[in-house]
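Taken together, the values in this text are just the output of simple stated rules run on the coordinates, not laboratory data. Bear in mind the structure is a predicted one, so any value in this text is a computation, not a measurement. Cβ atoms come from the backbone with ideal geometry, glycine included; neighbour counts cover every protein chain shown.
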Amino acid sequence: METLKNKVAVVTGGNSGIGYATAIELKAQGAKVIITGRRRTAIEAAAEELGVTGLVADQASLTDIEQLVATVKEKFGKVDILFINAGVLGGAGIEEATEETFDQVIGVNFKGAYFTLSRFIPILKDGASVVFLSSNTASMSAANSSIYSSTKAALNSVMKIAAVELAPRRIRVNAISPGPIETEILKKQGFTEAELSGLKDWIIGRVPLQQMGKAADVGKMVVHLSAEGASFITGAEFLMDGGMSL
């Protein structure tokens, strides 16, 4: 059964990883899906593969966000589902942190996500679903993660306040906080195959379920939170980390 038939869904950062997998799940449930990304070639290729609409937008740019909203409004009218997924990794020990890294991670993960929600609010349908991609690191205290973890903790705070502010319009706002998910992002960090294998073994050793999650798992949760069965859920954070944060 197509639980989201004819719903308009926007997925930021949808050309790979969790965003790509979520677009697959949303489309399978009948939604009209728009994916965004900052690299034209990547977003166009992904959109063609998925059979969805692809729009170029850099979440770090308020100008891009506002143009994205204007384009979506012109082509689709109102939005039923907004998955604010785009984000970047980055960080260092607090002593070694640079302003450049701080501004980049904060600019995409927090400022960009914040203004994506802000500017989309006028074109969200009453009863719409907004989902932030957070992280289990928001409630953990690992060394060298202060910048990244702070962005996700901030998003969780905004999510709860947005849930209160948008409740009169029955717009529900929630967050999904994954732990380690098997995506291409680790491969983009410059690790050798041996280093990557060792890192995965180390990560899995910290997860009680002894496995990494799948991007499709997150996509299915986005679908659930956007469907009728979750109509009484708002202001909630859903940990999906195999027990890692316990």
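Numbers below:
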read-out	value
The range 1-102: translational diffusion in µm²/s, Stokes-Einstein, Kirkwood Rh over Cα pairs, 4 °C, 1.567 mPa s	90
Tail beyond 20 Å, pair distance distribution of the range 171-230 (Cα, percent)	40
Residue (of A28, L55, V11) at the positive-pole extreme of the range 1-66, dipole from beta-carbon charges	A28
Cross-link table K160/K214; K27/K125; K125/K152; K5/K73; K160/K200, entries beyond 23 Å C-alpha to C-alpha	K160/K214; K125/K152; K160/K200
Gap separating the Cα centres of the range 106-155 and the range 204-246, nearest whole Å	16
Dipole in debye (nearest 20) - the chain, about Cα centre, beta carbon charges: Lys, Arg +1; Asp, Glu -1	900
Counted charge near D64, where neighbours are those whose Cβ lies closer than 13 Å (Asp, Glu -1; Lys, Arg +1)	+3
Given charges at beta-carbon only (K, R positive; D, E negative), |dipole| of the range 21-148 in Debye	580
M221, M140 arranged by Cβ crowding within 10 Å, fewest neighbours leading	M140, M221
Cβ-based exposure ranking for E95, E182, in which fewest neighbours within 10 Å come first	E95, E182
Between helix 17-28 and the chain: long-axis angle, C-alpha atoms, 0 to 90°, nearest 10	30
Quarter of Cα convex hull surface for the range 101-206, i.e. mean projection, nm²	7.8
The chain - mean residue ellipticity at 222 nm from DSSP helices (-39,500 (n - 2.57) per run, n ≥ 4, rounded to 500)	-12500 deg cm²/dmol
Percent of Cα pairs exceeding the 14 Å cut-off, where the set is the range 197-246	61
Ranked list, fewest to most other Cβ atoms within 10 Å of each Cβ, for K73, K32	K73, K32
Computed P(r) (all Cα pairs; the chain; 5 Å bins; percent)	1, 7, 14, 18, 21, 18, 12, 6, 3, 1, 0
Cα-projected label distance for Q210 with D103, points at 7 Å along beta-carbon direction, nm	4.8
Estimated dipole of the range 91-142 in Debye, rounded to 20 [Cβ of Lys and Arg +1, of Asp and Glu -1, Cα centre]	440
